[in-house]
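Contents: one structure, followed by commentary.
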Amino acid sequence: MTEITLSPAASASRRLGEDGVSVIVGVGVLILALVSLVGPDLLGWVVTTSVWTDPAKALGALSKTYADLGGIGALAATYVALLAVLSAGAAALGANVGKFAIAFTVVFVIAYASWFVGSWAYLATVTPADQAKFGVSWSLRLTNEGGFIVALIVGLIIANFFPRFADWLKEAIRPELYIKIAIVLLGAFIAVTAASKLNLASSLLLRGVAAIVEAYLIYWAVVYFIARKWFGFSREWAAPLASGVSICGVAASIATGGAIRARPQVPVLVSSLVVIFAVVEVLILPFLAQAFLSDHPLVAAAWIGLAVKTDGAAVAAGGITESLVLAKAAAAGVNYAPGWLLAVTATVKVFIDIFIGVWAFILAYIWTNHINVKPDGEKAKASEIWERFPKFVLGFVATFVVGLILALGGAGPKLAPAVGEANTFRVIFFILTFFSIGVLSDFRKLWREGFGKLAAVYLVSLFGFVIWVGLIISWLFFAGIKPPLAG
Amino acid sequence: MSEQELRDELKAPAEPLLPIEKKLIGWSLGIGVALLVLLVIVNHFLPVS
């Protein structure tokens, strides 16, 4: 196993940096999109991909204003804009901008090519009517968001069969940054969706509180007990492991490692395990949700938010689940409005994220006062709650509030297309997230000696407990609630 | 941390649960289950509009 040099302090600082960059980029994109409410359409050139049988007709600019650009022109404009903005972000994070720009170019090309392939009619069409429309006799029915899965699989292939190439790409492999920007953008989209049925949205919000109780008080305690009692892990390993499995993966295990003053390597090793298992979940759970929970769409959405660890994997899996469940319902003649399942998954995840700082403080207090008591040792400080608060959540709340005010204030028919432009960028950041998660998931680590025991705790806890309790709780709070119908 | 160090560390004898850890686990589960029951009741009396 290679040496790990990342310290929790360095990591926390990087996380804080990524949070700041994600808020600036996300809010900036939304502001530019909203200019079209009162002035010119500034972002209508963003590329979008339709389901295709003729590849020449697949790509295009989102807005008719920029139709003259053509598909390749829109793709190039989108790439240049993202390269410029993210290179500035990379500079702010202290990355090597030259290396980032080169690596990002390759990441963008591969990731968007995966998305393009995923929109092929033989992979994407779902209903017989769609198949007839595109003249295809069969389809894998992955929906047009099957491109996420393609991007993830391509990333996995690179990580596991071309490790040197994966290492070369690492400057631009930033799933946390990409998903945080996507979540900030998601705030406005959820607000516009929620404004159409405000009573339903507030009811769902209330039910999301159960997720916080479940993750911190039920999951954590059980996983910590399993790790300590059944597998004999030390406290230093068991606490970050419990947070990784229970709360939200990477950020939680690093925050916990810092809180209990664990050695830097411990949460980093746990985090690498979290990412690997999140990939397994993303590849399995959305399809299980489609197979068994399509009659209960919001149960499926909440379950994904509770079961899949790491923000990136969870929210992205929510997107796939929505697509698959809505497609199955559409095939049965029921057309649900899009956005509600993704909103529930994202809300559950963001609710859980908010309390990481509080939980880290509680653990820090217990460890410094009762477990690792040192006469002159550093004690837990209440300021840690704010230090560990995931700041990108503020960006999510800001875009949500702005979107809601505009939607309820009668911003007019231009609001939905404007937010739609921001949402198209959100989809692109999802694609980058999926590909990046894949590139980080080196499954060979599981076979390295010493790692198996950690993986065993994760496996037993996740598949033996977490996903089942998550299903029961989701059922208790979301069964019988349907998203509104489209139109 | 080298592979050898990790292997040795994970094979080390188990440390018994301290009373404070038992309290942490017990109180977490107790409060968690109680809050979930409370939320189920609230959920029942505040149906989705």
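Below is a table of values for the structure above.
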| item | result |
| --- | --- |
| Any hit, region A:461-484, residues being out of contact with any His (no Cβ under 6 Å at 6 or more places or on another chain), assigned to a helix (DSSP H, G or I) and basic (Lys, Arg) | no |
| Top-ranked residue in region B:13-23 [being within 7 Å of chain A (Cβ to nearest Cβ) and assigned to a loop (DSSP other than H, G, I, E, B); ranked as farthest from residue A:370 (Cα to Cα)] | B:14 |
| Exclusive hit being among the hydrophobic types (A, V, I, L, M, F, W, C), under 16 Å from the mean Cα position of the chain (by Cα) and either under 25 Å from residue A:477 (Cβ atoms) or not in a helix (DSSP H, G or I) (or both), set A:200, A:186, A:217 | A:186 |
| Residue in region A:286-306 that is within 16 Å of residue A:193 (Cα to Cα) and out of contact with any strand residue (DSSP E or B) (no Cβ under 8 Å at 6 or more places or on another chain) present | yes |
| Listing of helices (runs of 4 or more DSSP H) fully contained in region A:250-367 that carry 3 or more residues being under 13 Å from the mean Cα position of the chain (by Cα), buried (at least 24 other Cβ atoms within 10 Å of the Cβ) and at pLDDT below 85 | A:311-331 |
| Breaking point among (1) under 30 Å from residue B:39 (Cβ atoms); (2) modelled with pLDDT of 90 or more; (3) away from every other protein chain (no Cβ under 14 Å), for residue A:428 | (1) |
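For (1) at negative phi; (2) buried (at least 18 other Cβ atoms within 10 Å of the Cβ); (3) more than 8 Å from chain B (Cβ to nearest Cβ); (4) among the β-branched types (Val, Ile, Thr), each residue gets a yes or a no:
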| position | (1), (2), (3), (4) |
| --- | --- |
| A:187 | yes, yes, yes, no |
| A:190 | yes, yes, yes, yes |
| A:193 | yes, yes, yes, yes |
| A:196 | yes, no, yes, no |
| A:206 | yes, no, no, no |
| A:213 | yes, yes, no, yes |
| A:220 | yes, yes, no, no |
| A:224 | yes, yes, no, no |
| A:230 | yes, no, yes, no |
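The values are calculated or read from the model by the stated rules, or taken from the named source; none is laboratory data. Quick caveat: nothing in here was measured; it's all calculated off a predicted structure. Quick reminder, even Gly has a Cβ in these numbers, built from the backbone with ideal geometry, and neighbours come from all protein chains shown.
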